[in-house]
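Okay, so here's the structure we're looking at.
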């Protein structure tokens, strides 16, 4: 169950990067005056929030169905 949720998370992040490269969103924002630090910090925070939501939901489901969570 957790492997599927984490694989989906990585797919979402990678597909965004590919879509961004194809459509040239970074170039458009750089032309508009966005600094590189702001651009990458915003992307990092957004990806971090997506990761935390996925992890929290999977841990909540493990706890909710009393499946236990053990580390290997």
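Throughout, read-outs are computed from the coordinates displayed, never taken from laboratory work. As the structure is a computational prediction, the values presented were derived from the model and not from experiment.
At 222 nm, what value in deg cm²/dmol follows for the chain if DSSP H runs of at least 4 each add -39500 (n - 2.57) and the sum is divided by all its residues, to the nearest 500?
Values: 3 runs with 59 residues, N = 72.
Taken over the chain, the calculation gives -28000 deg cm²/dmol.
Between (1) 5.9; (2) 7.2; (3) 3.7, which matches mean projected area of the Cα convex hull in nm² calculated for the structure shown?
Correct label, based on the coordinates given: (1).
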